[in-house]
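The values are calculated or read from the model by the stated rules, or taken from the named source; none is laboratory data. Small disclaimer: the values here were computed from a predicted structure and weren't measured. Neighbour counts are summed over all protein chains in view; Cβ atoms, including those assigned to glycine, are modelled from backbone coordinates with ideal geometry. Ligands, DNA and RNA are excluded from the accessible area calculation, which covers all protein heavy atoms including side chains. Shrake-Rupley method; radii C 1.70, N 1.55, O 1.52, S 1.80 Å.
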Amino acid sequence: MDIPKLVEILRATIVPSQREDAEAQLFQIHKIIGFAPMVIQIIMADHIDMPVRQAGVIYLKNMITQFWQPREADNSRDPVPFNIHEQDRAEIRNAIIEAVIEAPDIIRVQLVVCINNIVKHDFPGRWPQIVEKISLYLQYTDYRTWVGALMCLHQLIKNYEYKNLEERAPLNEALEHLLPMVYERMVHLLQDTSELSVLCQKMILKAFYALTQYFLPQDLITRDAFGLWMQVIRDVIDRPIPDVSLMTSRRLFCAACSSRFATLEEDKRGG
């Protein structure tokens, strides 16, 4: 199977009269080693029609959701259920953060679901590199790169949103380096009300909210660090709101602030 042939099959899936045959062909070839990485190449190819790229990313998302984690047969006599081969999983892990950074929004929204599922099964054991890559791309000066990196960080944090203290250890270890960096980026972004800056601010807020919504990691966020974050939130609440997008950021910051103060009050009463 080569890329041009796969492109034509994906294109046929969006033609009603050809969809059934195209889906049957995909079912026959999706287990071949190299198939999933080839789909990523199609997704990221700017010269390919957007509907084809959308069909590809949706198919990839469904594959990762269903077949990423190795499974055992229900009966020892049954064949082992299909899962994406480790060779392909390694190629996907190696490419998907860059794909999130570079993809248009309509593709990116599907890729972050892939990130979430991969983190769920592979972090930290098979994918410690996600932390290094997020850190690397947050050192760039391009806001669009920051947006993609922050979206990946948000998905990393969301996987630990409901975990207890012991289960959060890998996340806390990662955030010991990343959280101060994210705070510095937030302080820098507050001076800029451009669309991309506001989007970065929103993603930072969503990540911080997911981190602290149900549990305040006091070994990670010290009293001094908490004060700095609260000052940032106050700065956002107090500043003029130039457009609708910033209204969203302001509401989210208020929610994060309210949630954290409520947690602190509960801690005081409990103490």
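Using +1 on the beta carbon of Lys and Arg, -1 on that of Asp and Glu, and nothing else charged, what's the dipole of the stretch 114-181 about the Cα centre, debye to 20?
Details: 7 positive and 8 negative charges, 44 e Å.
Charge dipole of the stretch 114-181: 220 debye, to the nearest 20.
Quick one: accessible surface of MET44, probe radius 1.4 Å, all protein chains present, in square angstrom to the nearest 10.
Taking all protein chains as shown, MET44 has close to 50 Å².
With a probe of 1.4 Å, find how much accessible area the stretch 1-120 has per residue, and write the answer as a whole number in Å². Write out the running numbers ahead of the final one.
Working: 6330 Å² over 120 residues.
For the stretch 1-120, the solvent-accessible area averages 53 Å² per residue.
Once the other residues with Cβ under 13 Å from the Cβ of GLN54 are scored (Lys, Arg +1; Asp, Glu -1), what is the net sum? Present the calculation step by step, with values, prior to reporting the outcome.
Working: positive: ARG11, ARG53, LYS61, ARG108; negative: ASP49, ASP105.
Net charge around GLN54: +2.
Nothing charged except the Cβ atoms of Lys and Arg (+1) and of Asp and Glu (-1): what's the magnitude of the dipole of the stretch 1-132 about its Cα centre? Round to the nearest 20 debye. Working shown, then result.
Numbers: 13 positive and 18 negative charges, 44 e Å.
Dipole about the Cα centre, nearest 20: 220 debye.
Dipole magnitude of the chain about its Cα centre, charges +1 at Lys/Arg Cβ and -1 at Asp/Glu Cβ only, in debye to the nearest 20?
Details: 29 positive and 35 negative charges, 100 e Å.
Dipole size: approximately 480 debye.
Give me a comma-separated list of calculated 3J(HN,Hα) values for the stretch 124-133, in order, Karplus coefficients 6.51, -1.76, 1.60 applied at θ = phi - 60°, integers in Hz, x for any Gly or Pro.
Once rounded to whole Hz, the list reads x, x, 8, 9, x, 5, 4, 5, 4, 5.
Please return the longest stretch of the chain lacking exposed loop sites, where GluC sites (Glu not before Pro) count only if DSSP places them in a loop and at most 13 other Cβ atoms lie within 10 Å.
Working: sites that count: GLU72, GLU166, GLU167.
Segment 168-271 is the longest.
From Cα pairs below 8 angstrom and at least 6 apart in sequence, can you work out the relative contact order of the chain, rounded to a whole percent?
Values: 248 pairs, mean separation 33.8, N = 271.
Relative contact order, the chain: 12 percent.
Restricting to Cα pairs below 8 Å that are 6+ residues apart, what does the relative contact order work out to for the stretch 30-100? Please round to a whole percent. Provide the component values of the computation, followed by the final result.
Working: 56 pairs, mean separation 24.7, N = 71.
Worked out over the stretch 30-100, it gives 35 percent.
Looking at ILE106, THR65, LEU10, which one has the Cα that reaches farthest to the positive end of the dipole of the stretch 1-122 (charges on Cβ: Lys, Arg +1; Asp, Glu -1)?
Selected residue: THR65.
Assign one of three labels to the stretch 67-138, namely rounded, prolate or oblate, based on the Cα gyration tensor with a ≥ b ≥ c the square roots of its eigenvalues; rounded applies when a/c is under 1.5, prolate when it is not and a/b is larger than b/c, and oblate otherwise.
Details: a/c = 2.98, a/b = 1.98, b/c = 1.51.
Prolate, since a/c reaches 1.5 and a/b exceeds b/c.
Accessible surface of PHE215 in the full protein assembly, 1.4 angstrom probe, to the nearest 10 Å²?
Around 70 Å² of this residue is reachable by solvent.
Place +1 on the Cβ of every Lys and Arg and -1 on the Cβ of every Asp and Glu in the chain, take the dipole about the Cα centre, and give the residue among ILE32, ILE115, THR222 whose Cα lies farthest towards its positive end.
Of the candidates, THR222 comes out farthest on the positive side.
Among PHE208, TRP146, ILE84, pick out the residue whose Cα is farthest towards the positive end of the charge dipole of the chain, where Lys and Arg carry +1 and Asp and Glu carry -1 on C-beta, about the Cα centre.
The residue sitting most towards the positive pole is PHE208.
For ARG168, list long-range residues whose amide hydrogen, built 1.01 Å from N in the peptide plane, is under 5 Å from its own amide hydrogen.
none
Excluding same-chain residues fewer than 8 positions from LYS202, which lysines have a Cα within less than 24 Å of its Cα?
LYS120, LYS133, LYS158, LYS163
Separation between the THR193 and ARG223 pseudo-spin-labels, each 7 Å from Cα along Cα→Cβ, expressed in nm?
If labels sit at THR193 and ARG223, their model points lie 3.6 nm apart.
From the backbone phi of the stretch 7-17, what are the Karplus-calculated ³J(HN,Hα) couplings (6.51 cos²θ - 1.76 cosθ + 1.60, θ = phi - 60°) in whole Hz, Gly and Pro given as x?
Computed from phi, the couplings for the stretch 7-17 are 4, 5, 5, 5, 4, 5, 5, 9, 9, x, 6 Hz.
If you roll a 1.4 Å probe over the chain with all protein chains in place, what percent of the accessible area is carbon or sulfur?
Working: 7380 of 14110 Å².
Its accessible area is 52 percent carbon and sulfur atoms.
What nm value, rounded to one decimal, do you get for the distance between ASN94 and ASP238 when each label is placed 7 Å out toward the C-beta?
A separation of 5.0 nm, rounded to one decimal place.
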